[in-house]
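Have a look at the structure below, then the notes.
Every read-out reported here was derived from the displayed coordinates using simple, explicitly stated rules and does not represent laboratory data. None of the values given here were measured: they were computed from a predicted structure. So basically every Cβ, Gly included, is an ideal-geometry build from the backbone, and we count neighbours across all protein chains shown.
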Amino acid sequence: MVLEAKGLAKHYGDFVALKGLDLRIASGDVFCLLGANGAGKTTTIQLFLGFIQPTRGSATIMGKDVAKEGTETRRYVAYIPENVMLYPNLTGIENLEFFTTLAGKNVADADLLGFLESAGLAREAAFRRVGTYSKGMRQKVGIAMAMAKGAVALLLDEPTSGLDPKASNEFSRLLLTLRDQGVAVLMATHDIFRSKEVGTRVGIMKHGELVATLDTGEWSHADLENIYLQHMHD
Amino acid sequence: MLQTVIRVEWRNLRRETSAWITVSVFAALVVWAALNGRTHTDVMTQSVQEAHSEQQQQMQQWVSALAAGDENAQDAYKAGKDHVHQVVALPLSPLASISMGGLSDTVLRVSLASRLESTGEAHVGSPVRQATGPFDVTFVFVYLLPLVVIGLSYDLLSGERERGTLALILSQPVSLVTFTLGKAIQRALVLLGVVFTLATVAPWLAGGDLSEPGAPARLGLYLLLVAAYTTFWFAAAVAVNAWGSTSAGNALALMACWLVLIVILPGFVSVGVDVVVPQPSRIELLNLAREAAAEAEQEASQMEGDHAPDRETLKDRYRATVKRSLEVQQELESTVKPVLEQFQAQLSEQQALVDKLRFVSPAIILYEGLTDVAGVGVDRRSWYLSQVDRFHDQWRSFFSEKAANDQSVTAADIAALPRFHYAEEPTGKLTLRVMLGSLGLVFPTAVLLLLAWRGLRRPDAVSLR
Amino acid sequence: MNDSANNKVSAIAAIIHKEWREVVRDGRFRFASVATVLLLLLAMTFGWQQAERIHHEREAAGDVARKHWDHQGEKNPHMATHYGMYVFKPTGSLSYLDPGVEPYLGVSVKIEGHRQNLPTHAAASDSTAIHQFGGLTVATGLQWLVPLLIIGLAFGSWTSERERGTLRQLASSGLALPVLAVGKTGGLLAVLAALLIPTAALGGGVVSALGHFGAVDVGRIVAFMAAYGVYFLVFVAVTLAISATASASRVALVLALGFWVTTAVVAPRVLADVVGAIKPLPTAYELAHAVAESLDKGLPGQTPKEERVEEFSKELLEQHGFLGAEMMMPEALLQGLELQAEARFENEVFDYHFGALNADIGAQEVWAQWLSFFSPTLAVRSLSMAFAGTDHAHHRDFFAHAEQYRRELVQLMDNDFATNAGADGWDYVAGPELWAKAPRFEYEPPGLFWVLGHQWKSVLALMCWLVGAGVTSWVFARRMRVI
């Protein structure tokens, strides 16, 4: 199992952000977390990244506990937030090189360029400072970072929100490519349509709990939307 | 890993316009201050030379008068009082140009007259400038260097957080401590590089003679102090970043530190020293001495000889008066001496208190240290003054003994006139004082770094807020 | 008042109210304000204590010096002028607010025949190096701390509204942004007034409870407070202007702090250098040398000493009606007149050199005032010292009075010698009756209008800063981007 949560819980004082989440995501699996703001989606992702410590339970990546071996587990994952923020004074390729080296990889410039191109970034753009990039272009650098790192798991926090439909579509196709290569994906999103398109499973979260898990193959888009809304109305 | 962080940081900083502006402005200010110091030392050297050449001229006139057999010149009392004096000066140290503050009363006129007259000279000099304080290298380092350090490191970590890059960094297999360490090392290297270059260039620009013996030691101590001070402020910035939140919040916190350590605490120490050991008052000393001297002055005023009508009967009266004058002066000396000594003791006590209290603020340590290294500190001055005192005694007894014995001065005596040779304070003493002070910089730096480390290791330090 | 104006006024009032609440509910601000107020009160109490000590010290020293004069025993009146008398400068009653250049100036002048002495015994010559940092005075607090407090309060005024997104709402409420700027300025001023006015009242209360020496000059106190009021307003306007143009709060803060460092920390020292370069002063040695040379030979490029003294004696002889009949004069009178002639020559020399020196220092002060167009801190510093009576202009005024007194005293003594000595000549002695005839030295500092006459350039500079900063703040608020 690539990503696994067992009874994962996070409390902030009296406020319970996540209560006892159980989740298993295998290689080639794309698990989409749906839910309103504050349902616990981002908390889940941050727990997998080790940015915050769980109150109870555990999050493991490739069988290793994030809370105990945070540095080690971060070798396997790539993180793409809603807004990929890079150093504006460095070029795209310089940023990629920096983050790849931090990840412990030593990748040749030509290969880095290759990753950027596979992520859909034009060659000339790679040599411009990131300060001039659009949000979608930075997102592509984020994908290239995941590729260059050879990540086995992707943690995505609303990666397509704020992207225009074309960029959003490109992003989805990149994600499918990575999925086909066997990467496990955990994606928090509001977008039911994209979930159905790229996801293998969809989990609906509410008040820190996973209230339903559905296989996308078994349900139509309209069904998914209905089920989601039903849960939201309860 | 560290190397990568350092390299990227360097690239980042190099492309940061504001960093370039900050460093250039600072460099310009250091250069200005150094040139200012040069002008200052030039003026001081010149006035010492003028005073010396005037004294030499006077001496020559006296020597030729002696050769011509002038009675007035041969009279030991008159010679010592009116014809000949010695100008003594504390030599400028090789680093004198870095500190223009403080001790200007080091050029003294030694004559037969009492100690009091030889020390209390009227001051001219722009009072506004004195009240403001000089724009010297010491000022630039004590006050402005921390601002440069703060400007280049207040957002060391908070900037990454606000830019959003910290999230991506921390999703990599690298710990917050390693990452911050890398950034901090790079920033510290850049800062120390800039500061070292400027600090080395400054005395060279200011034109001190760096080949003099003792110059390398002074230069070394000066660089050590400045480097330790820079590191202290950098450590403060890192600690604030480790525990702080937003960049604006960090900047405010660091400015508050600056204000407290450089303005408020020294202000309190300055005030507190006056309260604990009240500043001795020259005015009271003046009245005391005047009371003691009343008689002497009365005698002296009788001797403003030009007005005496009867020059024939004068001779006997004159001898008696000289004798009486010398006696009175002796009395005056013995009355005033303890007062003066107490006065000096109070000043030294104040300084001793400052020496202890300096550890409350790195700014005081650096200020006192630089003043000391520049050779214008209180310790070197009292070292010098005690030599002057000894010389004064020799000089006075040379003339007063002759006068008391009714001997006249002859050309043969000139070679026997006491001469003033200043023996420099041993470098070891200075080194000890400065090293002791620098402990007061190193210790808080270590504490701050420890604090920073603990802050970075907090479980919630990585939380992106 | 029409509706729209009415609307504006109530909107401004609402903003003032909102700013007030925001600031007062901020814990950091509460802490900083309490700290500032405490520091100011401490500085005031300590300043007062020091000033009071110095005041008594000088009073006592003046009394002792006078006693020395009165009890100098019987002697020739001219010899009495050689003996001389020390006079002391009274402490200004407001020097506890701003000691100004006072610690660096001489406080006592020896009054004696043949010599005009420079004031000596400056307090600062007896201090350890720590005093170079400057003690904590009310003036430093007002010139440095309060502007920093203002920056801390106001740097985010616009930027944080924009960062939070509230600026969009404010702007969409139909009010012009400059009107909002007026409201924000008002809110900040209200906060400052709420802090500083009670502080001033409390400080004033403490000082009068402890016992105020000297007359309380209400005019000067009001002028002092007004100058600082304008100064603070300048900082409020500048910070708001910066906040309106800056792209983010941290940028605004760094820029505002940069402004503060430049105007308050760097500018005063640079100014002192610039002024010194424009109008260099002679060193103590050069001055003493020049005076001695002139006393010996006559003023540079003018009539030599002997001829000049001769001219003065002729004038005096003519006044006494003995011109051409010196042989018929009593010897003592002749000698007395000669002494007076010599004294006149010496006065001329002293007038020349010390006049030139004081004129140079005065010119430096005028330049300093002109240069305060570069920094509001310079302007307020000049004004602060002037209103507290501790600038060099006050010192010159004292010095002129002391010199006037010296001349009167010397003339009184030489006149007595000339008229009463008769045949005794130099053996003539006078006693305590004559010493007692010498008037007491009294000095009162000049009034407020005299100060304003000297300081109009600083006033103008401060006003220019106020108008400039106000207009900039208004214009920047108008052109500010809302999102």
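Here are the numbers for the structure shown:
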{"quantity": "Region B:6-35-region B:158-218 distance, computed between alpha-carbon centres (Å)", "calculated": "11 Å"}
{"quantity": "Positive-pole candidate from A:Leu3, A:Val66, A:Ala122, dipole of region A:3-233, charges at beta carbon", "calculated": "A:Val66"}
{"quantity": "Burial ordering of C:Tyr352, A:Tyr12, A:Tyr133, B:Tyr154, fewest other beta-carbon atoms within 10 Å first", "calculated": "A:Tyr12, C:Tyr352, A:Tyr133, B:Tyr154"}
{"quantity": "Too-long pairs where the Cα-Cα distance tops 22 Å, listed order kept, from A:Lys135/A:Lys166; A:Lys6/A:Lys105; C:Lys305/C:Lys437", "calculated": "A:Lys6/A:Lys105; C:Lys305/C:Lys437"}
{"quantity": "Spin-label model distance (nm) - A:Glu225 vs B:Ala215, 7 Å beyond Cα toward Cβ", "calculated": "8.5 nm"}
{"quantity": "Nearest 10 degrees, 0 to 90: helix A:109-118 Cα axis against chain A principal axis", "calculated": "50 degrees"}
{"quantity": "Label-point separation in nm, C:Leu202 to B:Met435, each point 7 Å along Cα→Cβ", "calculated": "4.8 nm"}
{"quantity": "Span-like helix ranges in chain C, DSSP H, alpha carbon extent 15 angstrom or more, Kyte mean at least 1.0", "calculated": "C:177-210, C:218-245, C:249-260, C:267-278, C:376-388"}
{"quantity": "Only Lys, Arg (+1) and Asp, Glu (-1) charged, at Cβ; chain B dipole about Cα centre in debye", "calculated": "2920 debye"}
{"quantity": "Simple Cβ-charge dipole of chain C, Lys/Arg +1 and Asp/Glu -1, about Cα centre, in debye nearest 20", "calculated": "4200 debye"}
{"quantity": "Net length gained if the chain between C:Arg25 and C:Ala226 were fully extended (0.36 nm per residue, minus Cα distance)", "calculated": "69.5 nm"}
{"quantity": "For the protein assembly as shown, Kirkwood radius (reciprocal of mean inverse C-alpha pair distance, Å)", "calculated": "35.5 Å"}
{"quantity": "Neighbour-count order for C:Lys75, A:Lys68, A:Lys135, fewest beta carbons within 10 angstrom listed first", "calculated": "A:Lys68, A:Lys135, C:Lys75"}
{"quantity": "Average other protein chain Cβ within 10 Å of Cβ, residues C:59-67", "calculated": "3"}
{"quantity": "Angle between chain B longest axis and helix B:378-404 axis [Cα atoms, degrees, rounded to 10]", "calculated": "0 degrees"}
{"quantity": "For residues of B:249-259, the mean tally of beta carbons on other chains within 10 Å", "calculated": "4"}
{"quantity": "Histogram of C-alpha separations across chain C, 10 Å bin width, %", "calculated": "4, 16, 22, 19, 14, 10, 7, 5, 2, 1, 0"}
{"quantity": "Among A:Gln46, A:Leu18, C:Val234 the positive-end extreme of the charge dipole of the protein assembly as shown (Cβ point charges)", "calculated": "A:Leu18"}
{"quantity": "Dipole-positive endmost among C:Ser160, C:Leu333, C:Leu357 within region C:15-479 (Cβ charges, Cα centre)", "calculated": "C:Ser160"}
{"quantity": "Sequence-distant aspartates and glutamates (8 or more away, or on other chains) whose Cα lies within less than 18 Å of B:Lys402", "calculated": "B:Asp70, B:Glu71, B:Asp75, B:Asp82, B:Asp316, B:Glu327, B:Asp393, B:Asp413"}
{"quantity": "Of A:Lys140/A:Lys196; A:Lys19/A:Lys64; C:Lys18/C:Lys457; A:Lys149/A:Lys206, pairs whose Cα-Cα distance is over 30 Å", "calculated": "C:Lys18/C:Lys457; A:Lys149/A:Lys206"}
{"quantity": "Highest-first arrangement of C:182-189, C:288-295, A:203-210, where packing means the average Cβ count within 10 Å", "calculated": "C:182-189, A:203-210, C:288-295"}
{"quantity": "Average beta-carbon neighbours from other chains, 10 Å sphere, peptide A:116-122", "calculated": "0"}
{"quantity": "Beta bridge orientation in region A:3-233: antiparallel %, DSSP, nearest 5", "calculated": "50 percent"}
{"quantity": "For region B:7-73, convex hull volume per residue from C-alpha positions, Å³", "calculated": "83 Å³"}
{"quantity": "C:Asn420-C:Asp360 FRET efficiency (beta carbon distance; Förster radius 35 Å; 0.05 resolution)", "calculated": "0.25"}
{"quantity": "Rounded Å value of the spacing that divides the Cα centres of region C:31-88 and region A:117-174", "calculated": "78 Å"}
{"quantity": "Percent of beta bridges antiparallel (DSSP, the protein assembly as shown, rounded to nearest 5)", "calculated": "65 percent"}
{"quantity": "Alpha carbon centroid spacing (whole Å) that separates region C:379-418 from region B:57-100", "calculated": "34 Å"}
{"quantity": "Tilt relative to chain B, helix B:427-457 - C-alpha long axis, 0 to 90 degrees, to 10", "calculated": "20 degrees"}
{"quantity": "Exposure proxy order (Cβ contacts within 10 Å, fewest to most) of B:Asp155, C:Asp296, C:Asp98", "calculated": "C:Asp296, B:Asp155, C:Asp98"}
{"quantity": "Net dipole in debye of region B:319-398 [+1 Lys, Arg Cβ; -1 Asp, Glu Cβ; about Cα centre; nearest 20]", "calculated": "320 debye"}
